[in-house]
1. Quick check, is ILE224 touching a Cys at 6+ places or on another chain (Cβ under 8 Å) and either more than 19 Å from GLY128 (Cα to Cα) or of a type in the set (Asp, Glu) (or both)?
2. I'm trying to understand the selection: among the residues of region 238-263, which are under 30 Å from ASP197 (Cα atoms), surrounded by fewer than 20 Cβ atoms within 10 Å (Cβ to Cβ) and in contact with a helix residue (DSSP H, G or I) (Cβ under 7 Å, 6 or more places away or on another chain)?
3. Would a scan of region 184-198 turn up a residue that is within 30 Å of GLY103 (Cβ to Cβ) and charged (D, E, K, R)?
4. Tell me whether region 104-117 contains one or more residues that are out of contact with any Leu (no Cβ under 7 Å at 6 or more places or on another chain), part of a helix (DSSP H, G or I) and under 14 Å from GLY276 (Cα atoms).
5. Could you tell me whether any residue of region 85-97 is part of a helix (DSSP H, G or I) and either under 22 Å from GLY282 (Cβ atoms) or in contact with a Phe, Trp or Tyr (Cβ under 9 Å, 6 or more places away or on another chain) (or both)?
6. Residues being under 19 Å from ILE266 (Cβ atoms) and acidic (Asp, Glu): count how many of those fall in region 172-221.
7. Answer yes if at least one residue in region 203-210 is closer than 28 Å to ALA117 by Cα, buried (at least 19 other Cβ atoms within 10 Å of the Cβ) and of a type in the set (S, T, N, Q), and no otherwise.
Amino acid sequence: MIEGNATRLAGTRCRGSGLLACVAMCVVLLLALSTQASAQAPRPVPESSATSSTPAPQAPSSVAPAAADPSPGIVGVGHLPRDLSPWSMFASADIVVQTVMLGLAFASLVTWTVWLAKSIELFMARRGLRIALSAISEERTLAGAAARVGNRRGIAASFIAAAAHELQLSSDLSERDGIKERVASRLTRLEAAAARDMNKGTGLLATIGSTAPFVGLFGTVWGIMNSFIGISKAQTTNLAVVAPGIAEALLATAIGLFAAIPAVIIYNQFARWIGGYKGLLGDTSAEVLRLVSRDLDRGAVIERGRARAAE
């Protein structure tokens, strides 16, 4: 399952590069239009040339000349865009973009929650399995291993209990190879179930890591579309008009990457940890199977000794 999720992550990254390039082209187009409009804006006529072409009006010296009207193409300090802090951009964004941002923030919260819970679970499971494996490897019989490990909680105790139960069910049979196969089958199923339980939650990380960039790009595309609509309504491509919409749109992409990058990193880390945990499961299962084989061979030796004594 981990390999399939990794393949899906790689495929979505390749498909996302084309969409990201289209969004980047839209942003560049908006900036180019704004720059062109600023370059074509009419410049104010210098006061010296205006006074030289026409005679100065006769006015009292105590009256100051009226200030010239500012050019419509020049944006003054009072007309600068609003505060572009992240919270301000979120508050002034479109409802669709706000929904995208909130969803991505929730996905990021889920990612870190899974990381904390799964890290504690993996640490405790691997620690308990190492201790149980060390105890089982020191015993000579399955009964001795059950006395040391059987009272503990964990998959190792389940291995020993399953092997003892199968030996009890097969006590009236003399075919040792068949008994070993049945015990190995039980241990294999328990091992697979433990691995599946430990993999729970990692699929959610893979989903967030592969879809969060696309959700963020959706918010970006929606915001850029609103910017084009605003340009059409305002009949201007001044950067002061275009910049807030572009910034709000790009914030959605930034939040999407903020949610996706940790999810991918944590998923890869869990894949390595779970691989090591599966190795410990295999070692413990093999150790229990060796104890079963040893007990069966020991029982066969005792039976042969009794048969010879009877003869």
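1. yes
2. First, pick out the residues of region 238-263 that are under 30 Å from ASP197 (Cα atoms): 256-263.
Checking which are surrounded by fewer than 20 Cβ atoms within 10 Å (Cβ to Cβ) leaves us with 257-258, 261-262.
LEU257, PHE258, PRO262 - these are the residues of region 238-263 that are under 30 Å from ASP197 (Cα atoms), surrounded by fewer than 20 Cβ atoms within 10 Å (Cβ to Cβ) and in contact with a helix residue (DSSP H, G or I) (Cβ under 7 Å, 6 or more places away or on another chain).
3. Looking only at region 184-198, we keep the residues that are within 30 Å of GLY103 (Cβ to Cβ), and these are 196-198.
Still in the list and also charged (D, E, K, R): 196-197.
Yes, the conditions are met somewhere in region 184-198.
4. no
5. Taking region 85-97 and keeping what is part of a helix (DSSP H, G or I), we get 86-92, 95-97.
Still in the running and either under 22 Å from GLY282 (Cβ atoms) or in contact with a Phe, Trp or Tyr (Cβ under 9 Å, 6 or more places away or on another chain) (or both): 96-97.
Yes - at least one qualifying residue is present in region 85-97.
6. The number of residues fulfilling the criteria is 1.
7. Step one: filter region 203-210 for residues closer than 28 Å to ALA117 by Cα, giving 203-210.
Restricting the remaining residues to those that are buried (at least 19 other Cβ atoms within 10 Å of the Cβ) gives 205-206, 208-210.
From the residues that got through so far, the ones that are of a type in the set (S, T, N, Q) too are 210.
Yes, the conditions are met somewhere in region 203-210.
Yes/no matrix, rows are residues, columns are (1) among the basic types (Lys, Arg); (2) at pLDDT below 85; (3) exposed (fewer than 15 other Cβ atoms within 10 Å of the Cβ):
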| residue | (1), (2), (3) |
| --- | --- |
| ALA93 | no, yes, no |
| GLY103 | no, no, no |
| SER119 | no, no, yes |
| ILE136 | no, no, no |
| LEU142 | no, no, no |
| ALA157 | no, no, no |
| GLU166 | no, no, no |
| LEU169 | no, no, yes |
| GLU175 | no, yes, yes |
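The values are calculated or read from the model by the stated rules, or taken from the named source; none is laboratory data. None of the values given here were measured: they were computed from a predicted structure. Glycine gets a Cβ as well: all are built from the backbone with ideal geometry, and neighbour counts include every protein chain shown.
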